[in-house]
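The values are calculated or read from the model by the stated rules, or taken from the named source; none is laboratory data. Being a predicted model, the structure only gives us computed values, none of them experimental. Every residue, glycine among them, receives a Cβ derived from its backbone with ideal geometry; neighbour counts consider all protein chains shown.
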Amino acid sequence: MSAPSELTVGTELPALKIDPISRTTLSLFAGASGDVNPIHLDHEIAQAAGMPDVFAQGMLSMAYLARLLTDLFPQEQLRSYGVKFAAITPVKAEPTCTAVVTSIDEVDGERRATLALTVTLADGTVTLTGDAVVALA
Amino acid sequence: MPVSPDAIGMRLQPVSMDIERGRLAAFARATGSTDPVYSDLEAAKSAGHRDLPVPPTFLMAIEMEDPDPFKWIREVGIDMNYVLHGSQHYAYHRLAYAGERLTAASTITDVFSKKGGALEFVIKKTEITDETGGPVADLTQTIVVRNPGVGA
């Protein structure tokens, strides 16, 4: 997949819908990302911290959003990428990642698009907001 | 317990990591990536890469190579059970590849509180460099500490 050839302010990029997040995924991501915080893996530790259950690593959702970006743009064109974590992602949640172009600027001799990013769960909860800057070929 | 303001300026021990193809392929699998560029060397080379590229958010794994990556959090007086990841930002200088040895050097740059101390914020900046010392990416992380029963 690649980005629509003519990006303009307001262009919505194709959304990325993620299957329900399983406990297995949390374990695989903990191993692969090195985030060994047991609150995402161990039910008893999560409950001791006042949570009803384990919940997904924020960085997992950030990685999903990054997939949306690299599906559309070669990664070497990604200049910056940042998110704020707004809400916890429970196990079995179904995140959808979206991006919309908010500006197109000339910076350091290249055309760059700024994208507003959002991850939303099926119940409408916004879990992540952020932005990315990509150079346009 | 309030986070010690002495933490500001604290430099963490740099951590280095050999970026391995197998680990990148595991990361691709864990994040549901179907783009073979991130897991198949031939696909990566066909796309013009010299090896498997390091995906945008994998760089945080470098610091996690430390045998006790959350030690500094305890040292500044934070209970890990009350820590939330507030924000994460990456500024990229270049694409990194499997086969490289990358180093993460972090500094605590700010500590502040909101809501009468009910929430505390710790800002950590991390420079990722290659074996020549050349910049790969700059990371900024906000850690939020919940202090139940404190403040308004």
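Taking the conditions (1) under 22 Å from residue B:133 (Cβ atoms); (2) among the acidic types (Asp, Glu); (3) modelled with pLDDT of 95 or more in turn, residue B:66 satisfies each one other than (3).
Can you find a residue that is surrounded by 21 or more Cβ atoms within 10 Å (Cβ to Cβ), facing chain B (nearest Cβ under 9 Å) and part of a loop (DSSP other than H, G, I, E, B) anywhere in segment A:49-58? Yes: segment A:49-58 contains one or more residues that are surrounded by 21 or more Cβ atoms within 10 Å (Cβ to Cβ), facing chain B (nearest Cβ under 9 Å) and part of a loop (DSSP other than H, G, I, E, B).
Checked against the criteria, residue A:117 does not count as within 13 Å of chain B (Cβ to nearest Cβ), under 10 Å from the mean Cα position of the chain (by Cα) and either in a helix (DSSP H, G or I) or within 16 Å of residue B:54 (Cα to Cα) (or both).
Against the test of being touching a strand residue (DSSP E or B) at 6+ places or on another chain (Cβ under 7 Å) and among the hydroxyl-bearing types (Ser, Thr, Tyr), the options A:61, A:27, A:33, A:22 yield a single qualifying residue, A:61. Within segment B:48-61, the residues that satisfy the criterion of being at negative phi and more than 8 Å from chain A (Cβ to nearest Cβ) are B:49, B:50, B:51, B:52, B:54, B:59. Being at the interface with another protein chain (Cβ under 8 Å from one of its Cβ atoms), under 22 Å from residue B:39 (Cα atoms) and in contact with a helix residue (DSSP H, G or I) (Cβ under 6 Å, 6 or more places away or on another chain) is the requirement here; does residue A:28 meet it? So residue A:28 fits the description; yes.
Filter segment B:11-38 for residues that are facing chain A (nearest Cβ under 10 Å) and of a type in the set (Asp, Glu) and give the result. The one that is facing chain A (nearest Cβ under 10 Å) and of a type in the set (Asp, Glu): B:35.
For residue B:108, the conditions (1) part of a strand (DSSP E or B); (2) surrounded by fewer than 19 Cβ atoms within 10 Å (Cβ to Cβ) all hold with the exception of (2). The residues on offer are B:149, B:99, and the sole one that is more than 13 Å from every other protein chain (Cβ to nearest Cβ), exposed (fewer than 14 other Cβ atoms within 10 Å of the Cβ) and either assigned to a helix (DSSP H, G or I) or out of contact with any Ser or Thr (no Cβ under 6 Å at 6 or more places or on another chain) (or both) is B:99.
Of all the residues in segment A:70-97, those that are facing chain B (nearest Cβ under 7 Å) and assigned to a helix (DSSP H, G or I) number 4.
Can you spot a residue in segment A:75-93 that is free of Cβ contacts under 8 Å to residues at least 12 places away in the same chain, touching a Leu at 6+ places or on another chain (Cβ under 9 Å), under 21 Å from residue B:24 (Cβ atoms) and surrounded by 19 or more Cβ atoms within 10 Å (Cβ to Cβ)? The answer is yes, given that some residue of segment A:75-93 is free of Cβ contacts under 8 Å to residues at least 12 places away in the same chain, touching a Leu at 6+ places or on another chain (Cβ under 9 Å), under 21 Å from residue B:24 (Cβ atoms) and surrounded by 19 or more Cβ atoms within 10 Å (Cβ to Cβ).
Restricting attention to segment B:109-152, which residues are among the β-branched types (Val, Ile, Thr), closer than 23 Å to residue A:49 by Cβ and in contact (Cβ under 8 Å) with a residue 24 or more places away in the chain? Hits for segment B:109-152 are B:111, B:122, B:142, B:143, B:144, B:145, B:150.
Taking the criterion of being surrounded by fewer than 15 Cβ atoms within 10 Å (Cβ to Cβ) and assigned to a strand (DSSP E or B), the only residue of segment B:123-141 that qualifies is B:135.
Any residue at all in segment A:91-101 that's basic (Lys, Arg) and farther than 16 Å from residue A:18 by Cβ? No: segment A:91-101 contains no residue that is basic (Lys, Arg) and farther than 16 Å from residue A:18 by Cβ.
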